[in-house]
1. Return the residues of the range 1-19 that are free of Cβ contacts under 8 Å to residues at least 60 places away in the same chain and either under 18 Å from Pro136 (Cα atoms) or assigned to a strand (DSSP E or B) (or both); say none if nothing qualifies.
2. Please determine whether any residue of the range 94-105 is under 14 Å from the mean Cα position of the chain (by Cα) and part of a loop (DSSP other than H, G, I, E, B).
3. Name the single residue that is nearest to the chain's Cα centre (by Cα) among those in the range 1-29 being basic (Lys, Arg) and under 17 Å from Leu147 (Cβ atoms).
4. Among Ala87, Ala106, which is the only one that is touching an Asp or Glu at 6+ places or on another chain (Cβ under 9 Å), at pLDDT 95 or above, among the aliphatic types (A, V, I, L, M) and crowded, with 22+ Cβ neighbours inside 10 Å?
5. Does Ser135 meet the test of being farther than 24 Å from Ser43 by Cα, touching a residue at least 24 places away in the same chain (Cβ under 8 Å), out of contact with any Leu (no Cβ under 9 Å at 6 or more places or on another chain) and surrounded by fewer than 24 Cβ atoms within 10 Å (Cβ to Cβ)?
6. Out of the range 15-31, which residues are out of contact with any helix residue (DSSP H, G or I) (no Cβ under 6 Å at 6 or more places or on another chain), surrounded by fewer than 22 Cβ atoms within 10 Å (Cβ to Cβ) and not acidic (Asp, Glu)?
7. Quick check on Ile47: is it among the aliphatic types (A, V, I, L, M) and either within 19 Å of Gly153 (Cβ to Cβ) or modelled with pLDDT under 95 (or both)?
8. Does Val59 satisfy the condition of being out of contact with any His (no Cβ under 9 Å at 6 or more places or on another chain), crowded, with 22+ Cβ neighbours inside 10 Å and in a helix (DSSP H, G or I)?
Amino acid sequence: MKLKDVKVAVLTISDRGSRGEREDTSGPEIKRIVEAEGAQVISYQVIPDEQYLIEERLVRLADFKDAELILTTGGTGFSPRDVTPEATLAVIERHASGFVEAIRHASLKITPHAMLSRAVSGIRGQTLIINLPGSPKAVRESLQVILPALPHGLQILKGTAGECASHSHPSHLH
């Protein structure tokens with residue numbers, strides 16, 4: 001399984017979901033998909049669109065809960081309350097833009113609205129944080145795009161990947 005034993009945290013950002021006014025369907029969909037890939041979901045939370053709160057949860061999950069991968073869903077659009085990208089940018093130490101670039105590229109083949117995504121992805125310590133869209137369908141499509149690269153990226157981040165500098169992979173690709 002691709003994500004065998006990877007510790008994953010799922011964070012749904014939704015004002016209405018956090019108040020119990022709308023059932024979160026995207027977070028459970030992420031949970032289902034990553035668990036089917038062998039991951040261990042160590043945290044699943046629904047929180048409101050408050051930047052300070054999102055930042056605090058991301059830091060806690062990365063620094064104190066030892067999440068290796070944090071997948072957020074929601075809060076990446078144009079609404080004034082959509083602050084997930086800003087919260088993520090505030091806590092990451094390095095950018096890892098390829099994940100969201102790949103998602104946007106694939107999503108543009110489905111809908112021009114993919115251009116409206118402000119999602120970001122990056123690294124904090126040894127934790128990869130990726131903002132996913134807010135619908136179950138978009139979550140499925142996004143994970144399908146990035147799952148092939150996630151295991152190797154996480155191995156490199158943890159320092160457990162084998163020798164990466166093989167002749168078949170130019171070093172500029174890593």
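1. Matches in the range 1-19: Arg16, Gly17, Ser18.
2. Checking the range 94-105: at least one residue is under 14 Å from the mean Cα position of the chain (by Cα) and part of a loop (DSSP other than H, G, I, E, B).
3. Filtering first and then ranking leaves Lys7.
4. So the residue among Ala87, Ala106 that is touching an Asp or Glu at 6+ places or on another chain (Cβ under 9 Å), at pLDDT 95 or above, among the aliphatic types (A, V, I, L, M) and crowded, with 22+ Cβ neighbours inside 10 Å is Ala87.
5. So Ser135 fails the test.
6. Passing the criteria: Arg16, Ser18, Arg19, Gly20, Pro28, Lys31.
7. No: the conditions fail for Ile47.
8. So Val59 fails the test.
The values are calculated or read from the model by the stated rules, or taken from the named source; none is laboratory data. What you see is a predicted model, and the numbers here were worked out from it, not measured in a lab. All Cβ positions, even for glycine, are placed from backbone atoms using ideal geometry, and neighbour counts span all protein chains on display.
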